[in-house]
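The values are calculated or read from the model by the stated rules, or taken from the named source; none is laboratory data. Remember, it's a predicted structure, so these values are computed and weren't measured experimentally. Every residue, glycine among them, receives a Cβ derived from its backbone with ideal geometry; neighbour counts consider all protein chains shown.
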Amino acid sequence: MSNIGQRFVTGVFFTLTLLLGIIFGKYSFTLLFLVITALGLREFYKLLKGGGYDIPINTGVVAGSLFYLICTLYLHKMVMQMALILIVPLIFSIFIIELFRKSETPIINIAIILAGIMYFAFPMVLLSYLAYPPAGYEGFELYHYNPNVIIGFFLLLWTSDSFAYVFGVKFGKQRLFERISPKKSWEGSMGGAAICYLCAYLLSLYFVELSLVQWMVVASIIIVFGTLGDLIQSMFKRSMNVKDTGTILPGHGGILDRFDGVLLSVPFVMIYLQFLK
């Protein structure tokens with residue numbers, strides 16, 4: 001199979017899996033993104049370990065996955081608020097485990113594990129927050145899982161990213177950030193932004209949880225911070241001298257490669273939606 005065909009098949013399978021996991025409800029959503037969180041954390045720690053850091057990968061993956069699970073179960077009203085207290089011993093267990101590893105770089109190891117949790121697991125938690133849009137918000141006891149804003153978020157992100165690539169290949173001349181990503185261009189970014197705003201307009205017609213203006217603001221946040229997230233991921237890969245963060249998605253790279261725009265944009269979308277409540 002050609003690389004283009006491989007990318008297409010992988011892309012369709014990945015997209016359908018993601019959308020179905022989101023649409024079916026909070027249980028499938030939690031399970032799907034728990035798996036994604038574990039895979040993403042493993043990629044992150046393996047990337048750094050390949051750079052010469054003595055990181056306990058399994059410790060980081062387990063700690064980050066449990067952090068995601070505890071927070072997400074609480075946001076979905078599947079556990080009581082008291083469960084959040086478990087995060088405290090979870091975080092400090094990382095320090096205790098490092099004590100018994102006899103590593104020569106314990107501070108660096110702990111810092112990298114915590115950085116992975118903040119960089120990948122925490123944004124995955126915030127995705128759950130998008131399941132409870134402002135229009136249907138009536139208080140903690142009454143709100144219900146709604147996949148529309150999450151689906152809209154991903155559609156905007158994919159639209160911006162995909163069409164930035166298409167316009168960049170066709171019209172790209174002025175480099176956007178050549179030191180980090182030589183192929184990205186201003187023309188591509190502007191083309192992707194234009195189609196992203198069109199997508200936001202279409203979403204406002206069908207996903208009425210947010211108004212047209214609100215969808216446009218969300219699109220603007222995704223355009224800016226999704227691009228920055230992509231550049232940050234490129235910075236990481238360049239510093240480790242690798243092309244892709246993994247091979248789990250043939251033709252697309254790894255989980256980190258597919259979620260780089262999500263990681264930086266979802267926290268700012270969440271902050272914006274918080275102001276609407």
Could you please tell me which pairs satisfy a Cβ distance under 6 Å, a separation of 6+ or placement on different chains, a first residue in the range 43-61 that is touching a residue at least 24 places away in the same chain (Cβ under 8 Å), and a second residue that is among the small types (Gly, Ala, Ser) and outside any helix (DSSP H, G or I)?
Glu43/Gly246; Glu43/Gly254; Asp54/Ser103
What's the number of the condition Tyr53 fails, among (1) at pLDDT below 95; (2) of a type in the set (Ser, Thr, Tyr); (3) in a helix (DSSP H, G or I); (4) under 29 Å from Val242 (Cβ atoms)?
(3)
Starting from residues that are more than 22 Å from Ile180 (Cα to Cα) and not in a helix (DSSP H, G or I), keep the ones in the range 228-277 and report whichever is modelled with the highest pLDDT.
Ile248
So which residues in the range 203-221 are under 23 Å from the mean Cα position of the chain (by Cα) and of a type outside the set (S, T, N, Q), if there are any at all?
Leu203, Phe207, Glu209, Leu210, Trp215, Met216, Val217, Val218, Ala219, Ile221
Checking the condition part of a helix (DSSP H, G or I), surrounded by fewer than 17 Cβ atoms within 10 Å (Cβ to Cβ), among the hydroxyl-bearing types (Ser, Thr, Tyr) and modelled with pLDDT of 85 or more, which residue from Tyr201, Tyr119 passes?
Tyr201
Pick from Thr72, Thr105: which is in contact with a Phe, Trp or Tyr (Cβ under 9 Å, 6 or more places away or on another chain) and within 25 Å of Asn146 (Cβ to Cβ)?
Thr72
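Identify, from the list Met82, Met1, the residue that is farther than 25 Å from Leu264 by Cβ, among the hydrophobic types (A, V, I, L, M, F, W, C), modelled with pLDDT under 95 and in a loop (DSSP other than H, G, I, E, B). Spell out the reasoning first.
On the way: Met82 fails: in a loop (DSSP other than H, G, I, E, B).
None of the other options fit; the residue is Met1.
Quickly run through the range 168-188 and pick out the residues that are assigned to a helix (DSSP H, G or I) and crowded, with 21+ Cβ neighbours inside 10 Å.
Initial filter on the range 168-188 (assigned to a helix (DSSP H, G or I)): 168-171, 186-188.
Residues satisfying the conditions are Gly168, Gly188.
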Show the residue pairs that are 6+ apart or on different chains and have beta-carbon atoms under 8 Å apart, the first residue being within the range 109-135 and without any contact (Cβ under 8 Å) to a residue 60 or more places away in the chain, the second being buried (at least 20 other Cβ atoms within 10 Å of the Cβ) and in a loop (DSSP other than H, G, I, E, B).
Asn109/Ile55; Asn109/Pro56
Of those in the range 56-78 that are under 20 Å from Gln233 (Cα atoms) and crowded, with 23+ Cβ neighbours inside 10 Å, the residue nearest to the chain's Cα centre (by Cα) is Gly64
Leu114 fails exactly one of (1) closer than 22 Å to Ser239 by Cα; (2) not in a helix (DSSP H, G or I), namely (2)
Ala38 fails exactly one of the following numbered conditions: (1) at pLDDT 95 or above; (2) surrounded by fewer than 22 Cβ atoms within 10 Å (Cβ to Cβ); (3) more than 28 Å from Lys243 (Cβ to Cβ). What is the number of that condition?
(3)
Identity of the residue in the range 143-158, at pLDDT below 95 and over 13 Å from the mean Cα position of the chain (by Cα), that ends up surrounded by the fewest Cβ atoms within 10 Å (Cβ to Cβ):
His144
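Do we have any residue at all in the range 249-265 that's touching a residue at least 24 places away in the same chain (Cβ under 8 Å) and over 17 Å from the mean Cα position of the chain (by Cα)? If you could, list the steps in order and put the result at the bottom.
Going through the range 249-265, the residues touching a residue at least 24 places away in the same chain (Cβ under 8 Å) turn out to be 249-252, 254-265.
Applying the additional criterion that residues be over 17 Å from the mean Cα position of the chain (by Cα) yields 250-251.
Yes: one or more hits.
In this structure, is Gly25 surrounded by fewer than 19 Cβ atoms within 10 Å (Cβ to Cβ) and farther than 21 Å from Leu127 by Cα?
On the way: surrounded by fewer than 19 Cβ atoms within 10 Å (Cβ to Cβ): yes; farther than 21 Å from Leu127 by Cα: no.
For Gly25, the condition - surrounded by fewer than 19 Cβ atoms within 10 Å (Cβ to Cβ) and farther than 21 Å from Leu127 by Cα - is not met.
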